[in-house]
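Colleague: First the structure, which I've put down as structure tokens, then a few questions once you've had a look.
The values are calculated or read from the model by the stated rules, or taken from the named source; none is laboratory data. All values derive from a computational prediction rather than experimental measurement. Note: ideal-geometry Cβ built from the backbone for every residue, glycine included; neighbour counts use all protein chains shown. Ligands, DNA and RNA are stripped out before the accessible areas are found, and what is left, the full protein with its side chains, is counted by its heavy atoms. Shrake-Rupley method; radii C 1.70, N 1.55, O 1.52, S 1.80 Å.
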Number of protein chains: 2
Amino acid sequence: MLSSPPPSSAYEAYLSKRENLIREERSLRRDQRPQIRHVSAIEAKADEIVRRIRGEEAKVLWGNHGAGSADLLFPGMGFLTAKETILKSKIFRIIETMPKGALLHAHLDAIVDHRRLLRFALTVGAPHMHIRVGKALNHSNLHTLIPEFRAFAVDDDPSPEASVLSVTEESGYVPMTWVPLHVARENFRLGGFEDGEAVRDKRFKQHGRSDGEELFDAWVLAALQIHPSEAYETMNTVDKIWEKFRSCFGVTRGLFGYEPVYREYLREVFEGCVKDGISYVELRVNFYSRTMVRAGGIDDFSHREWMLAFREVLADFKKDLEKKGRGGDFAGARVIYTTLRDISVEDMDWYLDDCLQLKKEFPEEIIGFDMVGQEDQGEPLLFFAEQLVRFQERVAQEGLYLPFIFHAGETLGDGDSTDTNVIDAIVLGTKRIGHGFSIAKHPFLMKMCREKDILIEVCPVSNEILRLTSSMPMHPLPAMLNSGVPVALCCDDPAIFGNLGISFDFYQVLVASEISGLTTLGTMAMDSILFSELPNNQKDRALREWEKRWAAFVEEIVRGTN
Amino acid sequence: MLSSPPPSSAYEAYLSKRENLIREERSLRRDQRPQIRHVSAIEAKADEIVRRIRGEEAKVLWGNHGAGSADLLFPGMGFLTAKETILKSKIFRIIETMPKGALLHAHLDAIVDHRRLLRFALTVGAPHMHIRVGKALNHSNLHTLIPEFRAFAVDDDPSPEASVLSVTEESGYVPMTWVPLHVARENFRLGGFEDGEAVRDKRFKQHGRSDGEELFDAWVLAALQIHPSEAYETMNTVDKIWEKFRSCFGVTRGLFGYEPVYREYLREVFEGCVKDGISYVELRVNFYSRTMVRAGGIDDFSHREWMLAFREVLADFKKDLEKKGRGGDFAGARVIYTTLRDISVEDMDWYLDDCLQLKKEFPEEIIGFDMVGQEDQGEPLLFFAEQLVRFQERVAQEGLYLPFIFHAGETLGDGDSTDTNVIDAIVLGTKRIGHGFSIAKHPFLMKMCREKDILIEVCPVSNEILRLTSSMPMHPLPAMLNSGVPVALCCDDPAIFGNLGISFDFYQVLVASEISGLTTLGTMAMDSILFSELPNNQKDRALREWEKRWAAFVEEIVRGTN
């Protein structure tokens, strides 16, 4: 048996080689490069503190509790099941107060908590908002039927034949007829329950009663969100979960697409941003519907009027902030014009033209073009490439600046048309890439993004719930960070997923890694502003504002006053 | 609205730029480089045919059957649930006949179908093989108790006090006493069942009867394998599934570690390779136990004698192949000496020394050193680095060649000690990397592996069942292939996972990608031989033999005679 000699020079050489390799590898990361962002001594201390708490919580909050425990807890586990534990986390509390920079990837019609959306529909939406269902509801079909909403003019009773003011079988509802929303909600009686019998579907809260507004709300909300049993059990594939996901947007449309609700909703978006420490937002707005219903009930509120309303609500909101002396908290909001990707070439021409017209009238607000919808099922970028290239020529001819900011690679495909969208997006000159999930398969393309300063809008919680990955530890984000690609964290569709704001996404990323720390999050927050489409002077101001708040934030952590 | 002008030169420029980018990106892949391997016109045709069948089967075999179907089928889905569908696949039939090159990553004591292992224990293992259990079995505790096996000398009745010849409560079994295996199996009566009542645990086959050899076998096999309900439900995390995984090895040990069984087992390993079109194998052999039980029952069969038996069984097998004129089918087998990684530095010294002694006596057979056990729970390479460096110096001083062939990165960790094993393995000069799962997070390190010709032994089915990934489409293999890293596909522990041979691993990889095709598999098969530790002359011969068989294989596909 070997004795123990003193460390040999071969061993010392080994340690030295090892250290150099680690340093060289990590030197590509943006959070390790002083020329990208200077990390103060206080921030380094705060980073240590956060790592320590993270390590403790990994055992205390996420450790499996007791031998043979049935718990399958771990940091970064499936968000829908993890959420209630995350809310108990000290790390999460810290992240909530973090100035998180800009939100660069979020779909307007899926940002606000659906309970608020329903409330708007019942208040400013009344009495115009109506509801209908495919069948009269009873307690056994409740979980299979989803509502549809639409606003009508008051003197235009859409369903004069309706002799009931409820959507339930017990009240004699005639299927597919429109009932005023608030009335349907007040009169929501299913009957047929024994006293105390609860609705069986686990997506609804347990109700001792068989009726009432609480059950109505639960039923509506279940149609607007994804439940853990759907993502993790019954619909546990990309295609299946997208059926539910698409359905949520369908249900939202009638509620969201009514001007008074839309205005309240917009304001709520801005308030939600400020509350979560988001200082600027670029919203994906889906212009596929050519109109929404205007206040009073006529369905002819045009895209131009959507944008005028957007401008008004934003201006009011900023004015209110200024009054409170908090003008520096919010650098504003802008719009990325999007339409669906499963449309014809002719229809795409209409939307490209519409986008250009809106850009001319709203040059400050409209800052990009994109396509949305399930990437695997819709057309790939190549399908529209000819028009997109012509569009770019036209934009340039008109002396405008309107970049593409494409979704690309939100897929598990390898070498199929969706995976190849990443290549097309880059060749089409996209400023940023939405999701870019599959780019992690392509180190060559990640290197291009690093060199061309193309930021990836990573949506961790979305990717997990939509079944591209099963948990954060499996998410390919580390490959992007280790390639030096600029990354911003985004929530995508928090109303449907429950990850309101971007604190949850920041949290999931932080706890699933031991390289990533507070500095990593800070770098991504800074990059989200740096790689935004803010005009240069506003961008500088937003960056300086963020740096001020960040310095105060890390100081509070070190002082323990956080 | 825009009219439709003829394609502009901007669009043509786009298409050209796009094509160049795709070509440039793919030029890194080994399966796209003619200097790595020439692809004949016949192979290109065969590749097309296979892609077509793959596309058809994606719809017919793996498509969700009918709207609202509860099926969650897709190509590359969880193997344990997919297996029975895979067996119906024409693609799988084709892969079975494919000459797949070398198997470079498989643990000897987890290669052979456990039903065969049990059969050996009952035949050549009788009457020495004994069984014991922690409690007397009945129909309600059956699913919670696992057996332990050991061989004893016949005249050394290990449990003279045992007055029963069964391990069941009904027969009055005294817990922890040893019962001869074949006798325990014949007398396996649980009692307490109504006629027709089945054992409830879904891991056991349904039995109309409450007793008998069939139920005994089912109970033993459940302790030796991972059941889908374990991987995908009750133990669906890396740590939890490793508890079951480790337990399987513990149960195997007593059966495998008896010389007559060991000899039959070895032969079965070689036969299984040839049957699955594997022409050469480098086996991870775990030398942690310092002896096994020799024929007759004394526990002093040394490592040296393990290797002598290995040499004998292999020589006999090759001679039998030669007699059938099939000598060219099998280039032989070699051994990678492994021990556990959760041991002390002093113990590691013993094993390193033992490894060196075995190398001196069996220079042809012993071709590498490695550590095994759950990487996350054991010590990282850094912990043993000093000794490993000294070992390398000693090997060199003795004029020997004995490379490291380390497991590294079999983890979801990011920047933790297990993830960093990849760096240490490379700095320690590893010839190949076992699993290397987390290297996909490290494009910089993948580039090093490409430049240094370090092959990654990828074990797709293993990675999925052990919960590093949920399905093949999520597996990071494409990142490695797109980085030009040499890859070989391996089964790891087929006895426990059910992926006997390497056809299942080849299959899962092929169906989860649209870039990868027959040529990709062929390149990996060739690389498995190229990057093996065969001496040069034998390697050349093995490569030529493989190329001959491959040419015949692709021709059969094109002729439709496959």
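Colleague: Please give me the summed charge of the neighbours of A:Glu398: other residues whose Cβ is under 15 Å from its Cβ, Lys and Arg +1, Asp and Glu -1.
Modeller: Local net charge: 0.
Colleague: Which residue, B:Leu255, B:Met448, B:Cys355, has the largest displacement toward the positive end of the dipole of chain B when charges sit on each Cβ (Lys, Arg +1; Asp, Glu -1)?
Modeller: Farthest along the dipole direction, towards plus: B:Met448.
Colleague: Compute for chains A and B the buried accessible surface, both sides summed, probe 1.4 Å, and express it in Å² to the nearest 100.
Modeller: What A and B bury together is about 6200 Å².
Colleague: Could you tell me which trypsin sites (Lys or Arg not before Pro) in segment B:27-116 are loop residues by DSSP with no more than 15 other beta carbons within 10 angstrom of their beta carbon?
Modeller: Answer by residue number: B:Lys88.
Colleague: Next question. How big is the antiparallel share of DSSP beta bridges in the protein assembly as shown, given as a percent to the nearest 5?
Modeller: Restricted to the protein assembly as shown, the bridges split so that about 25 percent are antiparallel.
Colleague: Another one. When 1/r is averaged over all different Cα pairs and the result inverted, which Kirkwood radius in Å belongs to the protein assembly as shown?
Modeller: 32.4 Å
Colleague: Please state, rounded to one decimal and in Å, the Kirkwood hydrodynamic radius that chain B gives when every pair of distinct Cα atoms enters the mean of 1/r.
Modeller: 25.3 Å
Colleague: Taking the alpha-carbon distance from A:Lys447 and a cut-off under 16 Å, which lysines remain once sequence neighbours fewer than 8 residues away in the same chain are dropped?
Modeller: Filter leaves A:Lys431, B:Lys441, B:Lys447.
Colleague: Mind checking the log10 I(q)/I(0) for segment B:300-440 at q = 0.10, 0.15, 0.20 Å⁻¹? Debye, one equal scatterer per Cα, no solvent, two decimals.
Modeller: Rounded to two decimals, the profile gives -0.40, -0.80, -1.16.
Colleague: In debye to the nearest 20, how big a dipole does segment A:365-439 give about its Cα centre with +1 on each Lys and Arg Cβ and -1 on each Asp and Glu Cβ?
Modeller: 340 debye
Colleague: Magnitude of the Cβ-charge dipole of chain A, K/R +1 and D/E -1, about the Cα centre, nearest 20 debye?
Modeller: It comes to approximately 2040 debye.
Colleague: Let me ask you something else. Can you tell me the alpha carbon radius of gyration of segment B:377-461 divided by the globular rule-of-thumb value 2.2 N^0.38 Å?
Modeller: Compactness ratio reported: 1.09.
Colleague: What Kirkwood hydrodynamic radius do you get for segment A:425-555 when you take the inverse of the mean 1/r over all pairs of distinct Cα atoms, in Å?
Modeller: With all distinct Cα pairs of segment A:425-555 included, I get 15.4 Å.
Colleague: 222 nm [θ] for chain B, helices only, -39500 (n - 2.57) per DSSP H run of 4+, per residue, to 500?
Modeller: -14000 deg cm²/dmol
Colleague: Accessible area drop of at least 10 Å² (1.4 Å probe, protein heavy atoms): which residues of segment B:370-415 qualify, relative to the chain alone?
Modeller: The answer is B:Leu382, B:Ala385, B:Glu386, B:Val389, B:Arg390, B:Glu393, B:Arg394, B:Leu412, B:Asp414, B:Gly415 - residues whose exposure falls by at least 10 Å² when every protein chain is included.
Colleague: Computed over the Cα atoms, what is the radius of gyration of segment B:6-131 divided by 2.2 N^0.38 Å, N being its residue count?
Modeller: Scaled against compact globular proteins, the figure is 1.70.
Colleague: Using DSSP to call loops (not H, G, I, E or B), can you name the trypsin sites (Lys or Arg not before Pro) in segment B:309-351 whose Cβ has at most 10 other Cβ atoms within 10 angstrom?
Modeller: Filter output for segment B:309-351: B:Lys324.
Colleague: Just name one of A:Gly172, A:Ser16, A:Ala396: the one whose Cα is farthest towards the positive end of the charge dipole of chain A (beta-carbon charges, Lys/Arg +1, Asp/Glu -1).
Modeller: Of A:Gly172, A:Ser16, A:Ala396, it is A:Ser16.
Colleague: What is the Cα centroid distance between segment A:231-259 and segment B:530-554, reported in whole angstrom?
Modeller: 53 Å
Colleague: Compute, for the protein assembly as shown, the length of the dipole vector about the Cα centre, with Cβ point charges of +1 (Lys, Arg) and -1 (Asp, Glu) only. Units Debye, rounded to 20.
Modeller: I would put it at about 1820 debye.
Colleague: Next up: Taking a threshold of 19 Å on the Cα-Cα distance, which of the pairs B:Lys59/B:Lys275; A:Lys83/B:Lys240; B:Lys275/B:Lys324 fall above it?
Modeller: Beyond 19 Å between Cα atoms: B:Lys59/B:Lys275; A:Lys83/B:Lys240.
Colleague: So what's the net charge close to A:Gly332: Lys and Arg +1, Asp and Glu -1, counting the other residues with Cβ under 15 Å from its Cβ?
Modeller: -4
Colleague: How many times 2.2 N^0.38 Å is the alpha carbon radius of gyration of segment A:74-137?
Modeller: That ratio works out to 1.67.
Colleague: Another one. With a 1.4 Å probe and all protein chains left in place, how much of the accessible area of chain B comes from carbon and sulfur atoms, in whole percent?
Modeller: After summing per-atom areas, the C and S share lands at 50 percent.
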